[in-house]
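One structure is given here, and the rest of the page talks about it.
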Amino acid sequence: CASNDVKWRPAKADRGFTFLEYSLIVAYLFCGRRKMTGIEYVLSEVMEPNLFVIRKQKRDSPEKVTPMLIYYALDSSIYQAPQLCNVFTSRIVGTLFLTLASCGFD
């Protein structure tokens, strides 16, 4: 079996879930998980079959959630999305460098 032919699939992906299993999953996701606190990963966007967006967040209480990082899975590779402050810093430094270079300040 070539490694290119093997793809990850969730358990029971070929058989589907029974009504009881589906009900238990929904009950866990919407009732049990919200009572817990700590770090959690949430699948926030899905564009099958190529793109999945995963949000790492800290749950302080059932109502309060603080987003921490964003990851995206694109064509079976997982990447960490850059934080907005790092993007702004990079753009400002680049612009400042080019402005100073054009004025003759090397």
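What follows is calculated from the coordinates using simple rules that are stated; it is not laboratory data. Values in this document were obtained by computation on a predicted structure and should not be read as measured data. Positions of Cβ are generated from backbone atoms using ideal geometry, with glycine treated the same way; all protein chains shown enter the neighbour counts.
Results, tabulated for the structure shown:
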read-out	value
FRET E, pair residue 91, residue 37, Förster distance 22 Å, beta-carbon r, rounded to 0.05	0.05
Two-site label geometry, residue 84 and residue 58: point separation in nm, points 7 Å out along Cα→Cβ	1.8 nm
